[in-house]
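Everything below concerns the one structure shown next.
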Amino acid sequence: MMRPPVFWQNPPDRPGLAARLLAPLGWGYAAQTARNMAKPGYGAGIPVICVGNLNAGGTGKTPTVIAVLDRLAARGHLADVVSRGYGGSLAGPLRVDHGRHSAAEVGDEPLLLSSFASTWVSQDRAAGVMAAEAAGARVIVLDDGFQNPTVQKSLSLVVVDAERGFGNGRCLPAGPLREPVGAGLARADLLLSIGDAAAQGRFRNVWGAQITLPHLVGRIGPLRTGMDWVGTRVVAFAGIGYPEKFFAALSAEGATVLRAEALSDHAELPDALLHRLDAEATSLGAQLVTTEKDATRLPAHFRSRVMTLVVRLQVEDWAGFDVHLDRLGL
């Protein structure tokens, strides 16, 4: 995914000239999404929990999937994950084998998630759900797919980055949304906004009037692994939705970020790029650092050269989510 245009983040009441010119295309995109969602989908015989978003990427969806898996496990339920496998060459449906498959084959997010749960990749999400169900899955976490009509959802959790909110409130390509805020939230069961207290306050000020469903609040922060980053000189690179957040997290941990290489989401990591970054880090007496997701795309021979800052989502209060798990018998 390419870096989003700046005007996507304009205030909703001042979307800018580009957004206004592209608005008719956005209306068409929204109308097509609405038509798609009116189609009937496959109804699994087991609960399907969808973790999705209204924005096109960069909301914290993958950490949310991991947190949902942990929440289910704490209640005694091991879930299977079904993902489209963005960027992978294999269409599926297939179960990801972390020791055999590569990110190029199954996508970086499914490869990461396969370390936490049995994970299936399928470009046809309904076929993926059927395959997991046939293999004995008792509950499925659908990674993305909120705007995909082929699978009926038992519970839908929409994730939003509190700092960026829903951008200028317009649909692609006039803004960052896959569907209008009102339409999307009307289909969702829960909203999770991710960010610090200041970002959460701004999000409520701008979007609070449109939030009529249960609203969870969370924050992504480094996992305590015993690594002391204070004073560590680093050259950082990241190919995620918003790499700046990763670089800021490193700085907040006390690392001295000498260089930050922002890549597009799911970007390939060719040898030429890695050798350039490695040479630069060596010349500066620094350590190469990347994200957990980017690390899955590193070639095996290079992984020992790169450290990873691992982050996890912490939700302030899971009560609103647990109510729905109770309803589903989970």
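The values are calculated or read from the model by the stated rules, or taken from the named source; none is laboratory data. From a predicted model like this one, the values you see are computed outputs, not experimental measurements. For neighbour counting, all protein chains shown are included, and Cβ atoms are generated from backbone atoms with ideal geometry for every residue, glycine included.
Can you confirm whether Gly169 is in a helix (DSSP H, G or I) and either surrounded by fewer than 22 Cβ atoms within 10 Å (Cβ to Cβ) or of a type outside the set (Ser, Thr, Tyr) (or both)? Judged against the criteria, Gly169 is not a match.
The criterion of being more than 20 Å from Glu244 (Cβ to Cβ) and either at pLDDT below 95 or in contact with a strand residue (DSSP E or B) (Cβ under 6 Å, 6 or more places away or on another chain) (or both) does not hold for Ser193. For segment 4-43, the tally of residues that are part of a loop (DSSP other than H, G, I, E, B) and more than 14 Å from Gly167 (Cα to Cα) stands at 5. Close contacts from segment 42-61, counting a first residue that is surrounded by fewer than 21 Cβ atoms within 10 Å (Cβ to Cβ) and a second that is acidic (Asp, Glu) and at pLDDT below 95, with Cβ to Cβ under 9 Å and a gap of 6+ residues or different chains, come to Gly57/Asp265; Gly58/Asp265.
Looking at (1) closer than 19 Å to Ile240 by Cβ; (2) of a type in the set (Gly, Ala, Ser); (3) surrounded by fewer than 17 Cβ atoms within 10 Å (Cβ to Cβ), find the lone condition where Ala73 falls short. Condition (1) is where Ala73 drops out. Against the list (1) buried (at least 22 other Cβ atoms within 10 Å of the Cβ); (2) in contact with a Phe, Trp or Tyr (Cβ under 7 Å, 6 or more places away or on another chain); (3) not β-branched (Val, Ile, Thr), the condition Ala103 fails is (2). Filtering segment 214-226 to residues that are part of a loop (DSSP other than H, G, I, E, B) and surrounded by 15 or more Cβ atoms within 10 Å (Cβ to Cβ) leaves only Pro214.
Only a single item in (1) over 24 Å from Val160 (Cα atoms); (2) surrounded by fewer than 16 Cβ atoms within 10 Å (Cβ to Cβ); (3) modelled with pLDDT of 95 or more is not met by Val323, and it is number (1).
Of all residues in segment 228-237, one or more are buried (at least 20 other Cβ atoms within 10 Å of the Cβ), over 21 Å from the mean Cα position of the chain (by Cα), in a strand (DSSP E or B) and of a type in the set (A, V, I, L, M).
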